[in-house]
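Please treat every number below as a calculation from the coordinates, not as lab data. A quick note: this is a predicted structure, and the numbers were derived from the prediction, not measured. So basically every Cβ, Gly included, is an ideal-geometry build from the backbone, and we count neighbours across all protein chains shown.
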């Protein structure tokens, strides 16, 4: 018996630095461990992506796409630059089951191709895009189109992978079939994000924000909070790593309210991110309440927990409850004064040794609760069960079964 051929279609994949990229990289590795032959149809990475090799045994096919000024595939034109060629790429690739990552435009292309190929497909729902376009104040017609598209993708999928109970509830509100939803959770690579990560030499004392800087996070609230404590702690800095659509605005605000005290380090590798988080007084995480993302549990929280660094979370209850239940740091309202008070507490815990005392407990919680490998294995089991149970009967066949004529492999 030859190996089952699984195809992953996503605009995000390592080495691009994002939660979605890490999640799909882990899924590809999990599928390989289960004996599947895995091919990924994705994008050429942006120039700022770290130089790392593709997952061993995974056939990764890349295609150039349009990106915004920050290097993201973000926006309708950018999505189309991936989705339109994707349809032809899918039709010229042999597969037994496809996995589509959001946005729903990509899901719809995979659904069309899978209907034509008479193959099942899986939709990986990291969030609900209809909620996102509503939160951005999109025109009602855009919202209706997105809702129709998202419902169609969910209706036709053999299985829907959800990253949390909150996302599952939102999927059910879009009339998804509960029997097809597998809530697999979300997580972080606990082999990479570890309390053994080396602290950056000479970094001093600082708070750190890593990852995407967007409208639904509004991380400028941390700059305003930091300005309230900076004068009394002249040796403490605020550091941002990553990028996003509000980065230039953050830099402008920083120069106004905390000149010379806020550093922007750009996109860094996951390994370097782990080191910066490891040495911080606290890692900063935010979700703006009431704009459609109240259900989110940011991966930033998991990353901090995995290295044992406390989190200051500002935002709605889902993310706050995660921090409180896991004793991962402080959960406060989305308010600069409340965040400033939490910063003072974290500086005190850093000084009196509490941070290091609690580090093993926090890291242990992450290993037991949010290991990305465990998440990937749950996703693989759900995919296999919904598409024939192949993971229990594979004979470890070669990934050569995915091969196609070279004339079809322009990506």
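Miscellaneous remarks
- Springs join every pair of Cα atoms under 10 Å in this Gaussian network model of the chain, and among 93, 301, 105 the largest mean-square fluctuation is at 93.
- Counting DSSP beta bridges with both ends in the stretch 219-344, the antiparallel % (nearest 5): 0 percent
- Correct option for semi-axes √(5λ) of the Cα gyration tensor in Å [calculated from the coordinates] among (i) 62, 25, 14; (ii) 44, 33, 19; (iii) 37, 22, 20: (iii)
- Gyration tensor (alpha-carbon) shape descriptor, the stretch 205-368, a/c threshold 1.5: rounded
- Angle in degrees between helix 104-117 and the longest Cα principal axis of the chain, rounded to the nearest 10: 20 degrees
- Build a GNM of the chain with springs between Cα atoms under 10 Å apart, and of 381, 341, 304 the one that fluctuates most is 341.
- Fewest-first ordering of 161, 172, 192 by other beta carbons within 10 Å of each residue's beta carbon gives 172, 192, 161.
- Exposure proxy for 29, 61: other Cβ atoms within 10 Å of each Cβ, ordered fewest to most, give 61, 29.
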